[in-house]
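Have a look at the structure below before the remarks.
The values are calculated or read from the model by the stated rules, or taken from the named source; none is laboratory data. This one's a predicted model, so the numbers in the text were calculated from it and none came from an experiment. Don't worry about glycine lacking a Cβ; one is built from the backbone with ideal geometry, like all the others, and counts go over all protein chains shown.
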């Protein structure tokens, strides 16, 4: 694993009393530049203005550094990301983002809408539903470990490659058909209304993957529109794969 | 789709003022008896003492009733469950359970731990992490729609069957290896400490599937122990597949 200070850089913050201190000491993100789940957490960290040390875990090099003993002891699923923060070790991107939103409620947007009334609960459910549609319904079925296993079922190199592409394209297109229908009902500027939420954080890495797999995006105008808007936001720019120290 | 009043039955409840009324009017669960995600929601409904109308959506009959236009209009992912409650339409099992827990906080156990301090936030994250490990990390990769697609990649019937079994067994065993390691650290009577949570709700249907796929469970003593305890609880008994009106 390569270690490097990643964006956002560790920096001085000025407290209410005028004091300055290095913030978020000890916050470490184990990440891979192109991992969707790492990327989601990086966006949330940027939106919540949390500086952190970036530790690259290369998912391909050395047969996959996430499979090595040292990292597997931290993360038994042998996946990125893992976030060390506040003295605890957090895994699974969506629950990590819920944690960051709860513990940093006064910084940045509410990634999961608040509101203790019935409308608040329903809106929260909608945000989480769309996040799960992407996270559980698309990404987890087309991520690297599944693609590797699909390829392992075939012998010759050409078939492996063809099956990998067909597989990825199938699940992304299927999921996006459903997501587009949902967005027709609930989207505003962003996935759910006019503020950035957990659902948007899940959307952007998934669109990146859709483009890698050459999914026909013309069928998904709401997804394309919202993604284009999100890509202009500073936190989304800072967290993008090509800005990471391990980008290739 | 077949419609039937399912357990728990609609029934009279006595209010604080002595009045009686049919409760949870209009609550409808679209479910399939053996669907893990439907099962999770049924457990949560039972734990929260919510009566509902059971509408069976047969995932195999008629080429899959979830794919038919009528249901797909409600649930664009063409999956069960869908829950109609409080005048809203909820999808994705884990977010549905979060909603039920938030809106029925005074009934039954806290499925996602409360506590506004740092320890509360960390415990909440742990529960959600384990739920995601199962939901996103195992179930979504080995559910029926994925198995059907895996089988479609091969021509002869024997190979289809063999690949299906190998696939299911692989992903469940892999996920359970990680889950077992996590449970060594955080389990008590149940997955996280000594109260039933969302993580336990996800566990039981996954163990049922592990047994269907003949996964060697002797390697997972904590999973086996916790599952056996959960299976004795009334809400888990009431929500089991074989108690459903569409059970075969």
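Among the residues making up the stretch B:109-125, those that are surrounded by 16 or more Cβ atoms within 10 Å (Cβ to Cβ) and more than 20 Å from residue B:43 (Cα to Cα) are B:121, B:122, B:123, B:125. With respect to residue B:204, determine if the residue is in a loop (DSSP other than H, G, I, E, B), buried (at least 18 other Cβ atoms within 10 Å of the Cβ) and in contact (Cβ under 8 Å) with a residue 24 or more places away in the chain. No, not satisfied. Only one of the numbered conditions (1) more than 19 Å from residue A:59 (Cα to Cα); (2) at pLDDT 95 or above; (3) more than 7 Å from chain B (Cβ to nearest Cβ) is violated by residue A:82, and that is (1). Counting only strands (runs of 3 or more DSSP E) that sit wholly inside the stretch A:29-108, those with at least 1 residues that are crowded, with 19+ Cβ neighbours inside 10 Å and free of Cβ contacts under 8 Å to residues at least 24 places away in the same chain are A:88-91. Of the residues making up the stretch B:144-162, just one is touching a residue at least 40 places away in the same chain (Cβ under 8 Å) and either more than 9 Å from every other protein chain (Cβ to nearest Cβ) or farther than 18 Å from residue B:208 by Cα (or both), namely B:144. Out of B:166, B:195, B:189, which single residue is in contact (Cβ under 8 Å) with a residue 24 or more places away in the chain and either loosely packed, with under 15 Cβ neighbours inside 10 Å or closer than 19 Å to residue A:151 by Cα (or both)? Every option except B:189 fails the conditions. For residue B:118, the conditions (1) facing chain A (nearest Cβ under 9 Å); (2) at pLDDT 95 or above are fulfilled apart from (2). Checking every residue in the stretch B:126-139 against the condition of being over 16 Å from residue B:201 (Cβ atoms), surrounded by 19 or more Cβ atoms within 10 Å (Cβ to Cβ) and at the interface with chain A (Cβ under 8 Å from one of its Cβ atoms) gives zero matches. A single member of A:175, A:168 is within 18 Å of residue A:59 (Cβ to Cβ), modelled with pLDDT of 95 or more and within 13 Å of another protein chain (Cβ to nearest Cβ), and it is A:168.
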